[in-house]
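Student: What follows is a structure written as structure tokens; I'll ask about it next.
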Amino acid sequence: MSKVLIRAMVLPMTGSDRFYPRGEVCIENDRIVSVGELGSSPSGFLPDRILDLPNDVVMPGLINTHTHAAMTLLRGYADDLPLMPWLKEKVWPFEDKLTDEDIYWGTSLALSEMIRSGTTTMLDMYASMDQVAEAVIKAGTRAVLSRGLIGNGPNGEKALQESLDLFQRYQGAGAGRVSVMFGPHAPYTCSAEYLKKVIAEANRLGVGIHIHVAETLDEINIIQEQYQKTPVQWLDDIGLFGGHVVAAHCVHLTSNDMEILARQHVCIAHNAESNMKLNSGTAPIVELRSRGVVVGLGTDGASSNNNLDLFGEMRSAAFQQKLRMDSTVLPAYEVLEMATVAGAQTLGLDDVGMLAPGFKADLITIDMDQPHFYPRFSIPAHLVYVAHAGDVRTVMVDGKFLMEERKVLTMDVHKVCQEAESRAKRISAELNG
Ligand code: NI
């Protein structure tokens, strides 16, 4: 039995009018018991631990709805290149050299960065997902994991089998913190026949599908040429949107595509910074949201971002839409919702993303007693337009502290950095002499 009381400014993300300048959150084991003004804890609640942080904001942990965690090993290895040379000459040859152990350490590097930047949950797509799952279990975060499936590649069938094995081994692992989705890579790397197999398995097991959709104009042209349809139309026609689907990117959409996504309740993982860095384009997030589409935020992999900081991602997502449309769109609170409540919906997790009784105790505190946060007119505006990774003081997932006073408690961050450095440099030396 563990009971924790956190006294702080409370932003529960349960409605834009809810904020407790002097509030408290009570936690019992892995769940939140109460949220409210100071003194609102249930009678008889005797905490084992009290955190008095009157100048911190406590809020739900941030949710990264699209990443390739182990790609931290490629951070800074290939930048400022056009998309295809970037992939073909740099990223894919590097990835070919990755061992299972490399992926474990690359993922651990990502998870330590995520913890230090207030991200408590990720949706990942990569290979060697057993290693990713083990890294997540060790780090103590929450994750939805998808084995990336290149249906048109030589390992399409093997990778599908690995997805099934991943489900058998890791669905519900880490005391329920780990769950599994299927991860067909994209419309241009999977045939209709292959996708139909994936859909059937996903339906049979009751799990979601995580796929890149309409990321670049190249993709639009390839699918148009092959099928005379947009990627969204094509996926809809083959039945991909029947169950829970996370579509990453969705940069190039027609209004008909948006109608389909809304009608089929497809959730979107928006990756503003990756889309900017790779010159993919600007996703029509305002239009999607106005149609009721759920949109979460993602960083994508560290080779196209190059960090995993969702605070930066919130700021970029807001500014990018304001630049494209007008300054009134995507106000700060809505961006915070995308990084929390909508992120949880995107991942199909119904008990994280808000601070509310009965919800999982996945929360962070942010140190607002710093020059860049004064004067404190609007906490949501400060969190989106001002805050950055280094402002996060405390991280809790499932009622357990993963970071206190910026010290990560579940992993040896120094060792993780050293391992990542030597492994990435080993691969680079193999490739480039
Ligand atoms: Ni991606």
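The numbers here are math on the coordinates, done by the rules we state, and not lab data. Small disclaimer: the values here were computed from a predicted structure and weren't measured. Because the Cβ atoms are built from the backbone with ideal geometry, glycine has one as well, and the counts that use them run over all protein chains shown.
Student: Please list, in order along region 108-123, the HN-Hα scalar couplings obtained from phi with the Karplus expression 6.51 cos²θ - 1.76 cosθ + 1.60 (θ = phi - 60°), rounded to whole Hz, x for Gly and Pro.
Tutor: 4, 4, 4, 5, 5, 5, 4, 4, 5, 10, x, 8, 9, 9, 9, 10
Student: Full extension from residue 279 to residue 48: what is 0.36 nm times the residue separation minus their Cα-Cα distance, to one decimal in nm?
Tutor: Extra length available between residue 279 and residue 48 comes to 78.1 nm.
Student: Would you please give the FRET efficiency between residue 356 and residue 432, computed as 1/(1 + (r/R0)^6) with r the Cβ-Cβ distance and R0 = 51 Å, to the nearest 0.05?
Tutor: Once the sixth-power term is evaluated, E becomes 0.50.
Student: Binning at 10 Å from 0, report for region 185-331 what percent of all alpha-carbon pair distances ends up in each bin.
Tutor: For region 185-331, the pair-distance distribution reads 11, 42, 35, 11, 1.
Student: If you fit an axis through the alpha-carbon atoms of helix 192-205 and take the longest principal axis of the Cα set of the chain, what angle between them do you get, 0 to 90°, nearest 10?
Tutor: Computed tilt is about 30 degrees.
Student: Rounded to two decimals, what is the ratio between the C-alpha radius of gyration of region 155-260 and 2.2 N^0.38 Å?
Tutor: Relative to the 2.2 N^0.38 Å estimate, region 155-260 comes out at 1.11.
Student: Comparing 261, 145, 87, which has the greatest mean-square fluctuation in the GNM of the chain with Cα pairs linked when under 10 Å apart?
Tutor: With Cα springs under 10 Å in the chain, the top fluctuation among 261, 145, 87 is at 87.
Student: Sticking with this structure for a sec: Rounded, prolate or oblate: pick one for region 270-324, where a ≥ b ≥ c are the square roots of the eigenvalues of its C-alpha gyration tensor, a/c under 1.5 means rounded, and failing that, prolate if a/b is larger than b/c, else oblate.
Tutor: prolate
Student: Which far-off residues, 5 or more places away or on another chain, put their amide H under 5 Å from the one on residue 403, with H placed in the peptide plane?
Tutor: Under 5 Å from the amide H of residue 403 lie the amide H atoms of 395, 409, each far enough along the sequence or on another chain.
Student: Enumerate the amide H contacts of residue 301 below 5 Å, restricted to partners 5 or more residues apart or on another chain; note that Pro and chain-start residues carry no placed amide H.
Tutor: 68
Student: Computed over the Cα atoms, what is the radius of gyration of the chain divided by 2.2 N^0.38 Å, N being its residue count?
Tutor: Compared with the compact-globule rule of thumb, the chain sits at 0.95.
Student: Could you give me the ³J(HN,Hα) list for region 331-346, computed from phi with Karplus coefficients 6.51, -1.76, 1.60 and θ = phi - 60°, whole Hz, x at Gly and Pro?
Tutor: x, 3, 4, 5, 5, 4, 4, 4, 7, 10, 4, 5, x, 5, 4, 4
Student: Using only the Cα atoms of region 119-172, what semi-axes does the equivalent ellipsoid have when each is the square root of 5 times a gyration tensor eigenvalue? Give whole Å, largest first.
Tutor: Ellipsoid half-lengths, sorted descending, are 22, 11, 8 Å.
Student: Helix 310-324 versus the longest principal axis of the chain: what is the Cα-based angle in degrees, 0 to 90, to the nearest 10?
Tutor: Between the helix axis and the principal axis of the chain, the angle is about 70 degrees.
Student: From the cross-link list 138/360; 88/415; 138/400; 3/400; 97/196, which pairs have alpha carbons spaced over 22 Å apart?
Tutor: Violating the 22 Å limit, Cα to Cα: 88/415; 97/196.
Student: Give a residue-ordered list of calculated ³J(HN,Hα) values for region 209-226 (Karplus: 6.51 cos²θ - 1.76 cosθ + 1.60, θ = phi - 60°; whole Hz; x for Gly, Pro).
Tutor: 10, 10, 9, 6, 9, 6, 7, 10, 5, 3, 4, 4, 5, 4, 5, 4, 5, 6
Student: Which angle from 0 to 90°, rounded to the nearest 10, does the C-alpha axis of helix 129-139 make with the longest principal axis of the chain?
Tutor: Taking Cα atoms only, the helix is inclined about 10 degrees.
Student: Be a star and scan region 258-286 for residues whose amide nitrogen sits under 18 Å from the point 7 Å along the Cα-to-Cβ vector of residue 229.
Tutor: Within reach of a label on residue 229, which here means backbone N under 18 Å from a point 7 Å along Cα→Cβ, region 258-286 contributes 258-267.
Student: Can you give the charge dipole size of the chain about its Cα centre, rounded to the nearest 20 debye, using +1 on the beta carbon of Lys and Arg and -1 on the beta carbon of Asp and Glu?
Tutor: Dipole size: approximately 440 debye.
Student: Of all chymotrypsin sites (Phe, Trp or Tyr not before Pro) in region 296-395, which ones are in loop regions per DSSP and have a Cβ with at most 12 other Cβ atoms within 10 Å?
Tutor: 377
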